[in-house]
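Throughout, read-outs are computed from the coordinates displayed, never taken from laboratory work. Keep in mind the model is a prediction, meaning the values are calculated, not measured. Counting neighbours? That spans all protein chains shown, and the Cβs are built from the backbone with ideal geometry, glycine included.
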Amino acid sequence: MGLPRLLEAVREYSPKSDLETVELAYDFAAKAHEGQKRASGEPYINHSVEAAITLAKMRLPENMIVAGLLHDVPEDTNVTLEDIEKNFGEDVASMVGGITKLGKIKYRGMERYVENLRKMFVAMASDIRVILIKFADRLHNLSTLDALPPRKRLRIALETLEIYAPIANRLGVGFIQGMLEDYSFKYVNPKEFAWVSGLVKERYRAKERYLKKVGQKIVDELKKNHVEVLDIHGRTKHLYSLFKKLLKYDRNIDKIYDLVALRVIVPTVADCYATLGIIHHMWKPLKGRIKDYIAQPKPNGYQSLHTTVFCDGGDIVEVQIRTEQMHQESEYGIAAHWQYAEAGKESSETANVQIAWVKDLIRLQQEKLGDSDKLMESFENLKIDVFQKRIFVFTPKGDVIDLPEDATPVDFAYAIHSDIGDRCTAARINNEIASLDARLYSGDMCEIVVDKNRKGPNPDWLKFVKTNHAKDRVKTYAKKKRLH
Ligand code: MN
């Protein structure tokens, strides 16, 4: 049974959590899903619990665990969102509602619009917490993909690589990104997956004992220099990220120096630089391979010092040096902010975090994090307003068109192609006839009926079109007509 594992996982990082509510949510979900089975034949509730356990691994607050347990209830059972609100409150219900909405977005392999689809995903989630729950949901779905027919498998794996993983990357949730990618890699490209995992296994085994020795040497030397080592461990590169790198280096594994890396965790930033100096004193660094991501973090906020050295016997080893907080953030990204807030720690280094899409959000979060009393409030305020002024509308083929709020089918038609705009005569929204000045909403599917004999746009459209492109076309045509 999964419930005891879930409770244990929550108790571990958050002893003060209200486990009773978690248990209530479990009972509620188990009852709602009663009799339902997964494609694998397991009881449905197992899926909900596994998703919740992943959220617990991210050390997220208990109301997110509750939302994780309930995430498929309104979609797949007779129990409604209102029932959830009555039993677990508005905040949990709004997260569950967000997850249900996200279920609408499907990737069908249209590369051109994939960035719009990502934006749409974030916009429709409208709450970072919803995205994290969706990641946990997707991870369990991926781990049970074998039970699905091959075509569906491939669609879900591709969607994960194209939509979920890049968003996980931008949110800096490294361990989720790695798992999403590696699971999907196996289904999207099984041959390459087998090749890369073979390479890693072989090399890691060969290097394991060597790295242990090198690691011990580093610990001894740092001790001599009064630098405390909190943790030192080897890490293997995630398979998909290794694969992408191999493609850049003629598939030559010998050119990849960070296949296995040593990670050294020390207490402070000053210790990081001291450690770097001490290691360079022990072994000669490779030219051009010293990277200071502390002074210059990666766009997703990643911080660490990286160096590659010629170790004993001429072996080349990459060493990554960071503080515990940097380590947490590189694994949990935006989720780490909740952890610090929960623990009441200061978030000093988070000031550098810059995630293009969610910059505003982070700013808001940091303002709130200053005051731990306002903690619960800050969770509620973590809504995404970056895309509040944009909507995302599907074409019948599944392309996603990015439009301003209040856009109409005419704007949509012009966004697809000027000719389609000029000749549009009618529209269908979600398979129902709609007028050309109807208001479109995110997630709508819009179809344009074109009249080939139509000479040009109707000047009356100017009264309602929203995009500049549509306005310009209609105006230009009207002017031309007057001249004739
Ligand atoms: Mn689910």
Item checked: Local electrostatic count at VAL49 - Lys and Arg +1, Asp and Glu -1, tallied over other residues with Cβ under 11 Å -> -1
Check: For region 179-235, what number of Lys pairs, 8 or more residues apart or on separate chains, have alpha-carbon atoms under 27 Å from each other?
Finding: 14
Item checked: Nearest-ten-degree value, helix 150-159 long axis tilted from longest Cα axis of the chain -> 80 degrees
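Among TRP461, TRP195, which comes first, second and so on when ranked by fewest other beta-carbon atoms within 10 Å? Let's see the in-between values first.
Details: TRP461 23, TRP195 15.
Going from sparsest to densest Cβ surroundings: TRP195, TRP461.
Tally Lys/Arg at +1 and Asp/Glu at -1 over every other residue whose Cβ is under 15 Å from the Cβ of THR80; what's the total? List each step's numbers first, then the result.
Values: positive: LYS31, LYS86, LYS101; negative: ASP72, GLU75, ASP76, GLU82, ASP83, GLU85, GLU90.
Local net charge: -4.
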Margin query: Run the count for region 2-172, please: Lys pairs, Cα-Cα under 22 angstrom, 8 or more apart or on different chains.
Written below: 19
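Grab the DSSP H runs of the chain that are 4 residues or longer, score each as -39,500 (n - 2.57), total them, divide by all residues and round the 222 nm result to the nearest 500 deg cm²/dmol.
When only DSSP H runs of four or more count, the value is -16500 deg cm²/dmol.
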Margin query: Using just the Cα positions, wrap the chain in a convex hull and report its mean projected area in square nanometres, one decimal place.
Written below: 28.3 nm²
Note to self: As an exercise, identify the GluC sites (Glu not before Pro) in region 123-231 lying in DSSP coil whose Cβ has no more than 12 other Cβ atoms within 10 Å.
What the structure shows: GLU228
Next item on the list: For the chain, find the longest principal axis of its Cα atoms and tell me its angle to the long axis of helix 359-369, 0 to 90°, nearest 10.
Entry: 60 degrees
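Just check region 119-233 against the gyration tensor rule for me: Cα atoms, a ≥ b ≥ c as the square roots of the eigenvalues, rounded for a/c under 1.5, and otherwise prolate or oblate depending on whether a/b exceeds b/c. Don't skip to the answer; put the middle values down first.
On the way: a/c = 3.70, a/b = 1.61, b/c = 2.29.
Oblate shape, in that a/c is at least 1.5 and b/c is the bigger or equal ratio.
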Notebook entry, point to check: Which whole-number percentage describes the relative contact order of the chain, with Cα contacts under 8 Å and a sequence gap of 6 or more?
Noted result: 11 percent
Check: Rounded if a/c is under 1.5, else prolate if a/b is larger than b/c, else oblate: which is region 190-330, with a ≥ b ≥ c the root eigenvalues of its Cα gyration tensor?
Finding: prolate
Check: Once phi is turned into ³J(HN,Hα) by the Karplus curve 6.51 cos²θ - 1.76 cosθ + 1.60 with θ = phi - 60°, what whole-Hz value does each residue of region 443-455 show in order, with x for glycine and proline?
Finding: x, 5, 10, 10, 10, 10, 9, 10, 9, 4, 8, 5, 7
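Of all the stretches in the chain, which is the longest one without any exposed loop site, taking trypsin sites (Lys or Arg not before Pro) in a DSSP loop (any state but H, G, I, E, B) with at most 11 other Cβ atoms within 10 Å? Kindly include the intermediate steps, with their values, before the conclusion.
Working: sites that count: LYS16, LYS287, LYS389, LYS397, LYS452, LYS455.
Answer - 17-286.
First obtain the Kirkwood hydrodynamic radius of region 388-483 from its Cα pairs, then insert it into the Stokes-Einstein equation at 20 °C and 1.002 mPa s, and state the resulting D in µm² per second as a whole number.
Values: Rh = 13.2 Å.
This corresponds to a translational diffusion coefficient of 163 µm²/s.
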Check: How far is helix 468-483 tilted, in degrees, relative to the longest principal axis of the Cα atoms in the chain, given as a value from 0 to 90 rounded to the nearest 10?
Finding: 30 degrees
Next item on the list: Quote the charge dipole size of the chain about the Cα centre in Debye, to the nearest 20; the model charges only the Cβ of Lys and Arg (+1) and of Asp and Glu (-1).
Entry: 2640 debye
